[in-house]
Amino acid sequence: MDFPYIVEPRRDTGLYNAKLGIWLFLASEVMLFGALFSAYVLLRVGAEPGMWPHGWLNVYIGTANTIVLITSSITTVMAWVSCKLRQYRRFKFFHALTIVLAMTFVCIKSYEYHDKFTHYEITLANGKFADGHLVERSKDFDLAKKTGRVTIHGHEVDHEVELMDMQRPEARHIQREELTIPATDIKKMERYGPWHHTYLAIYFTLTALHAFHVICGALVIGFLWGPGSRMWHTDPERFTNRIEVSGLFWHFVDLIWIFLFPVLYLL
Amino acid sequence: MNNSMTMNSGHSPESAHSVRGYIFVFIALLAGTFLTVWASFIQFGSREINIAVALTIASVKAFLVAAYFMHLISERKMIFCVMGFTALFFAGLMGLTIWSTSPDSMVHIQHVP
Amino acid sequence: MEKMVHTFPPYRGHEARHGQPEHHDPGFWRTWIFSPDHKVIGIQYGLTSLCFMLFGFFLMLLMRWQISKPGVPIPVFGPLLEKVLGQAAANGALSPDLYNSFGAMHGTIMVFLAVVPLAFVAFSNFVLPLQIGAPDMAFPRLNMASYQAFVIGGVIMLTSFFIPGGAAQAGWTSYSPLATMIPTDGQIFWLAGMVFIITSGLLSAVNFIATVIQLRAPGMTWMRLPFFVWAQFVTSFLILLAFPPLEAAAVMQLMDKVAHTSFFLPTGLAVGGQLANVSGGGSPLLWQHLFWFLGHPEVYVLILPAMGIVCEIIANNTRKPIWGYKSLVYSALAIGFLSFLVWAHHMYLTGMGTKVAVFFQTTTMIISIPSVIILTCFFISLWGSSIRFNTPMLFALAFLPMFGIGGLTGLPLGFNISDVHLHDTYYIIAHFHYVVAPGTIFALFAGIYYWFPKMTGRMMNEFWGRVHFWGSLIFMNVIFMPMFAQGMAGMLRRMADGGANYSAAVNSRAGADVIGGLSNNIMALHTWILWGACVLGLVQIPFIINLFWSIKHGKKVDSDNPWDATTLEWQTATPPPHTNFPVTPRVYRGPYEYSVPGHDRDFTPQNEPPK
Ligand code: HEM
Ligand SMILES: [Cu+2]
């Protein structure tokens, strides 16, 4: 007995199995990311006045990454259309682009992560705050023993609140310079990791989960592009379905980013 | 390769016409991206308006992706139903959670000396 | 007993008595361990979850001992525990920390590793494709992956008992900040385990929904689906849409634990009198909302499959069409929809304002209506029928009043005013155990006795089945009925000494037996419950022996349809071959055509062509 509706759609539902399956899976993904977005809103609404950060991420890098993903979406569509038109070469070309774009996205994202992990907020002994990217630590730098000093490229402010809104017009005129601070002046020193602020917590969680999806999607598409494409020669119809289904997943990942970008970078 | 095609599923992306459609959507998405970045640099008077503008643009973009790239627009009722209910429950999750944790709807304990 | 009608179904091929078609023998590993066949996966899930259930039950026995005899070494098992777990079980008694661990793990194991996988995954896997006339699940390999993820999740949970600090201690609800701040990595294991278990549940849910929508046999229209299929269909949607928020929450709590974020940790959080070293700004209520957004649909995940099983068995043994099939279907759909809108009735005491409380109280009251409709339909179906009292039917019948008690005692909890008194007391424990233990688990027993002949070709022993039934019925009630009284008297749940210290403290301040203290009678019920639980354990022994003994030595079925049932799973070989039906069946009628006038037999299979 042949397994039904793997290739041809069922008459009354108009769907083949895998297409229904992927849509159901995407429904659960909507709830997964939906819960995280709800968490974002709740944390933001619940933050103390003035303590929700703005403009902590580089908008231009974010925009570039958005364009990368959108472009990968159109190449995915074109790969599928090529399959439908039975143009194998074109399919190979477009999905090669998709994979390259996916890797570009991940690279840019890791650069951004790196940027955050070298960014420090330093609580000074005099109650002020220094904030900026690490330039160097002296060899004997040790916070616990209070020896050595650290150099950052950044600026100094009187109150922590002033570090929150980097979007306000005055923030554009901040002079950043190299500051060298001896360990004896440092009360606390913390990177912009997820533990630093709930904004960063949700930023890292959302984008890491999203990047995980990008990587998984790229692996699937990579498989279909490489070893999986053997099916093209035996069962092109079914192969086209696979390209469609993996494409649906890919577009969904793109769709999530369309919301992540303004929410995390712009607002 | 040959161009003969066996068509048996619902929608046909085959024609050059629909490829043109995809490219149009792509351009619209790019435009939306630039628009939303540009809008974020403008002060509309209150942050709420900025948020509304950005989310509106994002929703339009999301609609374009879902409707055309994921061809939801020509999809069967079944999938529409599933995604509709999902959207509804997501709205319930977010809406009811925010509503019930907003300070206005919480009980405030007053310490009486 | 009633007379057996010998019928030989139309699709019985010559390979009928073999599990696998002759032409290829995939060997033991491929047949039983890494099989994509839905029937094998169903049996795998069934056996694994039964083992987990036994283990969870055993944890509970140890806890009951500790509650009724705080600090007294546990006979026999105490020294063993001490050997395995060391200091936490010093002198063979549970330390309060260990008690908390066992409590948390009892709940987690029972809900996520025993009842859901058994009621939902195991039964749907075995029965659902057969009932709709499908060759297998829509995605057989995904199905296998689901079971593997489940096993991994289960192993992670079990491993956590042996790490330093022990397993998770913050209850099956894992409220933050408590869960985050208890200094054991058990919580990390719990969260990681949950991520696997949830993933496995999602894979199954996708599979079941796709199977029902895509693989129904020709003629199997929506309104001809057996109610069991409907129930599992709705359940799948609950899993599909309610589990992901918990997965998100688990990821966030994991971040709180490992990356030291503050998703659920508020500003100014103090632990042991010291300001915690966290950034703060998080929201403890967020965890509760995300947890209960799953948690409430989850309770319907526990009960809907049970209702489906009971419906099949009642229809079969009353030899009558089920009363109000359409009302059942619409009620199940209504329950599914509404269960996403009631979750905060678990949170009335979190500072929720009246407007919100009234909203959730209203939806809670509305959702009890479809439950009552379903129960009523079952009761009316019994009316005036000549019932066959076999073991499955006894369990199915007992389900009705037990679920009734559980459901009705939920109403006072649904009203926020009365819940203020009852929240977090033993009353809650009694409420949900009535629904799940004598309720759902009875339905599961019924299902096992009922479908066992299809799985093995042999019947389970009737006499020992009855012993099992009466023992379980009596002692379930011995255990849970007193808890209502204890709860209403004010005994809180989750106290390692069963409230002895609390009671003593209150009494010494205000004199014995004032409001607030717990009277000796109430405290004495602990002993009663303890012995009830022990005997309940004993009467499970006949079941376990019966289950395994009957595989080889049970009475052979004399046809493929020993219960004279109408649904499709009985119209194929026993056990059904790979791909189930030699020829795809065609369906001509509804699922419960029993005693149709003018037919020569008192049942008409769904695939019997009209004359
Ligand atoms: C049909 C009407 C039902 C109503 C009105 C109802 C109402 C409630 C309410 C209001 C609570 C929270 C009490 C509190 O924490 O103060 C509760 C707890 C609970 N209910 Fe129900 N319930 C119903 C049915 C069910 C069913 C069918 C199940 C499971 C199969 C169930 C399982 C539970 C569980 C597990 C808890 C306790 C959760 C915990 O705190 O650990 N309930 N119920
Ligand atoms: Cu509930």
**Request:** Among residues belonging to segment A:33-47 that are in contact (Cβ under 8 Å) with a residue 24 or more places away in the chain and either open to solvent by less than 10 Å² (accessible area, probe 1.4 Å) or at the interface with chain C (Cβ under 8 Å from one of its Cβ atoms) (or both), point out the one that is farthest from C:PRO140 (Cα to Cα).
**Result:** A:ALA47
**Prompt:** Identify, please: which residue in segment C:173-200 is open to solvent by less than 40 Å² (accessible area, probe 1.4 Å) and within 16 Å of ligand 1 (Cβ to nearest atom) and is, among those, farthest from the other protein chains (Cβ to nearest Cβ)?
**Reply:** C:TRP190
**Number of positions in segment C:553-611 that are open to solvent by 10 Å² or more (accessible area, probe 1.4 Å) and aromatic (Phe, Trp, Tyr)** = 3
**Complete:** Checked segment C:378-419 for anything assigned to a helix (DSSP H, G or I), more than 22 Å from the chain's Cα centre (by Cα) and more than 24 Å from C:GLU593 (Cβ to Cβ); matches are C:PRO412, C:ASN416, C:ILE417, C:SER418, C:ASP419
**Request:** Just name the residue that is surrounded by the most Cβ atoms within 10 Å (Cβ to Cβ) out of those in segment C:407-420 that are farther than 11 Å from C:TYR348 by Cβ and more than 6 Å from ligand 1 (Cβ to nearest atom).
**Result:** C:THR409
**Asked** Taking the condition in contact (Cβ under 8 Å) with a residue 12 or more places away in the chain, more than 14 Å from chain C (Cβ to nearest Cβ) and open to solvent by 10 Å² or more (accessible area, probe 1.4 Å), does A:GLY50 pass?
**Response** no
**Item:** Criterion (of a type in the set (Ser, Thr, Tyr) and either assigned to a loop (DSSP other than H, G, I, E, B) or in contact with a His (Cβ under 9 Å, 6 or more places away or on another chain) (or both)) met by exactly one of C:THR584, C:THR527
**Value:** C:THR584
**Subset of segment C:290-329 that is more than 9 Å from ligand 1 (Cβ to nearest atom) and charged (D, E, K, R) - its residue that is farthest from C:PRO562 (Cα to Cα)** = C:LYS326
**Message:** Based on this model, can you work out whether A:ILE256 counts as among the hydrophobic types (A, V, I, L, M, F, W, C), surrounded by fewer than 22 Cβ atoms within 10 Å (Cβ to Cβ), at pLDDT 95 or above and under 24 Å from A:LEU36 (Cα atoms)?
**Reply:** no
**Request:** Take segment B:72-93 and flag every residue that is among the aliphatic types (A, V, I, L, M) and either surrounded by 13 or more Cβ atoms within 10 Å (Cβ to Cβ) or more than 16 Å from the chain's Cα centre (by Cα) (or both).
**Result:** B:LEU72, B:MET78, B:ILE79, B:VAL82, B:MET83, B:ALA87, B:LEU88, B:LEU93
**Message:** Quick check on my filter: what residues within segment B:57-67 are more than 8 Å from chain A (Cβ to nearest Cβ) and open to solvent by 10 Å² or more (accessible area, probe 1.4 Å)?
**Reply:** B:SER59, B:VAL60, B:PHE63, B:LEU64
**Message:** Report every pair of residues separated by at least 6 positions or lying on different chains whose Cβ atoms are under 6 Å apart, first residue within segment C:345-361 and under 11 Å from B:SER105 (Cα atoms), second surrounded by fewer than 19 Cβ atoms within 10 Å (Cβ to Cβ).
**Reply:** C:GLY351/B:MET106; C:GLY351/B:VAL107; C:GLY353/B:SER105; C:GLY353/B:MET106; C:GLY353/B:VAL107; C:LYS355/B:SER105; C:VAL356/B:SER105
**Prompt:** Under 6 Å by Cβ, and 6 or more places apart or on different chains, what pairs join a residue from segment C:397-424 that is under 21 Å from C:THR173 (Cα atoms) with one that is within 16 Å of ligand 2 (Cβ to nearest atom) and basic (Lys, Arg)?
**Reply:** C:ASP424/C:ARG493
**Request:** Note down all Cβ pairs under 6 Å where the first residue falls in segment C:255-274 and is away from chain A (no Cβ under 11 Å), the second is in a loop (DSSP other than H, G, I, E, B), and they're at least six residues apart or on different chains.
**Result:** C:LEU269/C:PRO177; C:LEU269/C:ALA276
**Message:** Looking for something assigned to a loop (DSSP other than H, G, I, E, B), in contact with a Ser or Thr (Cβ under 9 Å, 6 or more places away or on another chain) and near ligand 1 (Cβ under 9 Å from one of its atoms) - is there at least one such residue anywhere in segment C:338-355?
**Reply:** yes
**Only listed residue being assigned to a helix (DSSP H, G or I), open to solvent by less than 20 Å² (accessible area, probe 1.4 Å) and more than 8 Å from every other protein chain (Cβ to nearest Cβ), chosen from A:THR63, A:THR75** = A:THR75
**Request:** State all residues of segment A:160-212 that are in a helix (DSSP H, G or I), modelled with pLDDT under 95 and open to solvent by 20 Å² or more (accessible area, probe 1.4 Å); if no residue qualifies, say none.
**Result:** A:GLU160, A:VAL161, A:GLU162, A:PRO169, A:GLU170, A:ARG172, A:HIS173, A:THR184, A:ASP185
**Request:** Just name the residue that is most open to solvent (accessible area, probe 1.4 Å) out of those in segment A:213-253 that are free of Cβ contacts under 8 Å to residues at least 12 places away in the same chain and over 27 Å from the mean Cα position of the chain (by Cα).
**Result:** A:ARG230
**Prompt:** What are the residues in segment A:3-13 that are within 8 Å of chain B (Cβ to nearest Cβ) and buried (at least 17 other Cβ atoms within 10 Å of the Cβ), if any?
**Reply:** A:PRO9, A:THR13
**Asked** When C:ALA248 is evaluated against the numbered criteria (1) within 12 Å of chain A (Cβ to nearest Cβ); (2) more than 14 Å from ligand 1 (Cβ to nearest atom); (3) within 20 Å of C:SER124 (Cα to Cα), which criterion, by number, is the only one it fails?
**Response** (3)
**Item:** Residues of segment C:343-372 satisfying the condition of being of a type in the set (A, V, I, L, M) and within 12 Å of ligand 2 (Cβ to nearest atom)
**Value:** C:ALA344, C:MET347, C:ILE367
**Asked** From the residues in segment B:68-100 that are touching a Ser or Thr at 6+ places or on another chain (Cβ under 7 Å), of a type outside the set (A, V, I, L, M) and part of a helix (DSSP H, G or I), which one is farthest from the other protein chains (Cβ to nearest Cβ)?
**Response** B:TRP99
**Request:** Being within 15 Å of ligand 2 (Cβ to nearest atom) and of a type in the set (Val, Ile, Thr) is the filter here, so list the residues in segment C:418-439 that pass it.
**Result:** C:ILE428, C:ILE429, C:VAL435, C:VAL436
**Complete:** With criteria (1) more than 13 Å from ligand 1 (Cβ to nearest atom); (2) at positive phi; (3) of a type outside the set (Phe, Trp, Tyr), C:SER385 comes up short on (2)
**Prompt:** farther than 16 Å from C:PRO542 by Cβ, part of a helix (DSSP H, G or I) and open to solvent by 20 Å² or more (accessible area, probe 1.4 Å) - does that describe any residue in segment C:446-456?
**Reply:** yes
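The values are calculated or read from the model by the stated rules, or taken from the named source; none is laboratory data. As the structure is a computational prediction, the values presented were derived from the model and not from experiment. Quick reminder, even Gly has a Cβ in these numbers, built from the backbone with ideal geometry, and neighbours come from all protein chains shown. Areas reflect the complete protein model, heavy atoms only, side chains present, ligands, DNA and RNA absent. Shrake-Rupley method; radii C 1.70, N 1.55, O 1.52, S 1.80 Å.
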